[in-house]
Amino acid sequence: MNFKNYKDEGKKYGVGGVSFQLKEGENKIRILSHPEEIGNHFMGAGQMPAICTDIQTGKKCPYCKTSKRIMKIKMYILDRADEQIKIATFSWSIYAQIGQLAESSEWGFESLPSYDLIITRTGTGKETRYGVIPTPNQKPITVDQQAKLAKLKPIEELIQGFIIKQSSNESPAPSAENMPPETDESMPDFLQPN
């Protein structure tokens, strides 16, 4: 694999979109797919988190013994800042706030909201806070955006692909001796519990 082939590799694996990152302040999005839960284990500063196989496959996860599992959700969203479809990974607190909207008498929905959301991010590290509010924008996504979404692999398949890749790259089973200490200072913002 070569970095210059990222577009071809993305098409091959159905991940042509980019990852969505919440910026400080308001982030306007439209949810395009159902959420898929994913458990991550912090592996140390500068390292990719390990995916919890207990959640995704029901197989005993070797990392659960030595590392706290952090629950997240993944879904496709439309980033209203650039009108691009992206993969978003959100904390459980964001998921819960969207769930509260689903149950709301004013903004309730059964499958996916038919309106945009504004997710506000404030603070950093352990002081990061998120707020989710609905907007009255019910403008449907375009035919072109619907076609692009239809070509993407379902999030569940992407997660399964990550697990397969992780298992092929795994080193010896983790133990207390070869796991980094879980300190808040070394944990990146995106893995901090909310």
- Task: Step through the table entries 139/165; 28/153; 23/139; 59/148, compare each Cα-Cα distance with 30 Å, and write down the pairs that go over it.
- Result: 139/165; 59/148
- Whenever you get a sec, line up 92, 107 from highest to lowest accessible area (probe 1.4 Å, protein heavy atoms). 92, 107
- Query: Hey, got the dipole for region 110-169? About the Cα centre, +1 on K and R Cβ, -1 on D and E Cβ, debye to the nearest 20?
  - Reply: 220
- Message: Tell me the accessible surface of residue 26 in square angstrom (1.4 angstrom probe, heavy atoms of protein chains only), to the nearest ten.
- Response: 110
- Summed side-chain charge close to residue 71 - residues other than residue 71 whose Cβ falls under 14 Å, Lys, Arg +1, Asp, Glu -1: +1
- Note on the structure: With every protein chain kept in place and a 1.4 Å probe, the residues 55, 118 fall, from largest accessible area down, as 55, 118
- hull vol. (C-alpha, convex hull) per residue for region 74-117, Å³ -> 79
- Query: What number comes out for the charge environment of residue 99, summing +1 per Lys or Arg and -1 per Asp or Glu over other residues with Cβ under 14 Å away?
  - Reply: -3
- Residue-wise, which Karplus ³J(HN,Hα) couplings in Hz belong to region 57-62, taking 6.51 cos²θ - 1.76 cosθ + 1.60, θ = phi - 60°, and x for glycine or proline? 10, x, 7, 4, 8, x
- Give the distance, in whole Å, between the Cα centre of region 113-143 and the Cα centre of region 29-74. 23
- Query: Taking only C-alpha pairs under 8 Å that are 6+ residues apart, what is the relative contact order of region 82-138 in percent?
  - Reply: 30
- Just reorder 43, 71 by solvent-accessible area, largest first, 1.4 Å probe, all chains present. 71, 43
- Query: Residues of region 89-164: accessible area per residue at 1.4 Å, in Å²?
  - Reply: 60
- Note on the structure: With every protein chain kept in place and a 1.4 Å probe, region 31-88 has an accessible area per residue in Å² of 44
- Message: Not counting ligands, DNA or RNA, and with a 1.4 Å probe, what is residue 24's accessible surface area in Å² rounded to the nearest 10?
- Response: 100
- Query: Based on the Kirkwood radius over alpha-carbon pairs, what value in µm²/s does the Stokes-Einstein equation return for the translational diffusion coefficient of region 23-143 at 20 °C and 1.002 mPa s?
  - Reply: 135
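The values are calculated or read from the model by the stated rules, or taken from the named source; none is laboratory data. Nothing here was measured: the structure is a model prediction, and the numbers come from that model. A quick note on method: Cβ atoms are made from the backbone with ideal geometry, for glycine too, and the neighbour counts reach across all protein chains shown. Protein only, heavy atoms only, side chains kept; ligands, DNA and RNA dropped before computing areas. Shrake-Rupley method; radii C 1.70, N 1.55, O 1.52, S 1.80 Å.
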